[in-house]
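**Student:** This is the structure I want to talk about, given as structure tokens.
Every read-out reported here was derived from the displayed coordinates using simple, explicitly stated rules and does not represent laboratory data. All of these numbers come straight from a predicted model, not from anything done at the bench. Neighbour counts are summed over all protein chains in view; Cβ atoms, including those assigned to glycine, are modelled from backbone coordinates with ideal geometry.
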Amino acid sequence: MIIHIFDSQQELNQTGAGIITALIQTKPNAVLGLATGGTPVGIYEELVKNYNLGRVSFSHVKSFNLDEYVGLPEDHPESYRSYMNHHLFDHVDIQKDQTHVPNGNAADVDAECEEYDARMADVGQVDLQILGIGHNGHIGFNEPDRELTAGTHQVELKAETRQANARYFPSMDDVPTHAITMGVGSIMKAKSIILIVRGADKAEIVKRALYGPITTDCPASLLQTHPNLIVLVDKEAGRALVE
Ligand code: F6R
């Protein structure tokens, strides 16, 4: 595990985007595992800049997103498909049919989960997985529980997760109750993982994830066992890591 603590958001964003850019430069058909939420937005902005500067082309890149809300149509402004289009896909030369986000509006959600795993198995292995972390230690939407699931599956979102995401919806009642998420097995299969953490409110959970016991109570603690984990944190989130 390598941990970088950054003084500025700009440095963090440029470093994250730089790692992704360098991967695609050396492996133009790289498979990216992508995250949504507030955390990666600045990194996607820097990636778009790199693309506009001619440093990187996404024309042969494939991507798999971690998760999607159940019950939101793809074109709902808060669906993760809309998020990815808005923050990255619409601004670079990635082929949309090579981008994969679970279909949260599928008539048969279990069949959609199986199909998503099959699509991932077809491409082999994710080269680089981008992750954020929830305040309760979730990765993707793998919430703390007595047991975790390896493959893509449907989850009921914890109250704290719905609360954290309520900022994007008109009211709590509009926040979806369920999501489809890659399982921890799929996440851990990636060749390399970048965990990005920002803000003082994540300082304790990132410390627990990286240095606490490895437990299903904190799904991100499994990352301690990954052979190629890079952690990018701002100085607020990194505070407890250096004390
Ligand atoms: C998003 C995802 C989630 C978020 C986490 C942190 O695709 O899988 O695990 O990374 O909830 O969210 P933010 O970045 O909004 O604090």
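**Student:** At a Förster distance of 35 Å, what's the computed FRET efficiency of Phe169 paired with Gln25, Cβ-Cβ distance as r, to 0.05?
**Tutor:** After rounding, the FRET efficiency stands at 0.40.
**Student:** For His153, His4, what's the fewest-to-most ordering of other Cβ within 10 Å of each Cβ?
**Tutor:** Fewest to most other Cβ atoms nearby, the residues stand as His4, His153.
**Student:** Between Thr215 and Asp108, what is the spin-label point distance in nm, taking each point 7 Å from the Cα along the Cα→C-beta axis?
**Tutor:** 3.9
**Student:** Using the Cα centre as the reference, give the magnitude of the dipole from point charges on the C-beta atoms of the range 146-209 (Lys, Arg: +1; Asp, Glu: -1; all else neutral), rounded to the nearest 20 debye.
**Tutor:** With Lys and Arg at +1 and Asp and Glu at -1, about 400 debye.
**Student:** Set Lys and Arg Cβ to +1 and Asp and Glu Cβ to -1, take the dipole of the chain about its Cα centre, and tell me which of Phe6, Leu131, Thr36 lies farthest positive.
**Tutor:** About the Cα centre, the residue reaching furthest to the positive side is Phe6.
**Student:** Modelled label-to-label distance, His76 and Ala200, 7 Å Cα→beta-carbon offset: nm?
**Tutor:** 3.4
**Student:** Moving on to the next point. What is the dipole size for the chain, taken about its Cα centre, with +1 at each Lys and Arg Cβ and -1 at each Asp and Glu Cβ, in debye to the nearest 20?
**Tutor:** Using Cβ point charges on Lys, Arg, Asp and Glu, the chain gives about 920 debye.
**Student:** Compute the Rg/Rh shape ratio of the range 2-241: radius of gyration over Kirkwood radius, all on alpha-carbon atoms.
**Tutor:** 0.93
**Student:** Taking a cut-off of 28 Å between Cα atoms, list the lysines near Lys189, but don't count ones fewer than 8 places away on the same chain.
**Tutor:** Lys27, Lys62, Lys96, Lys158, Lys202, Lys207
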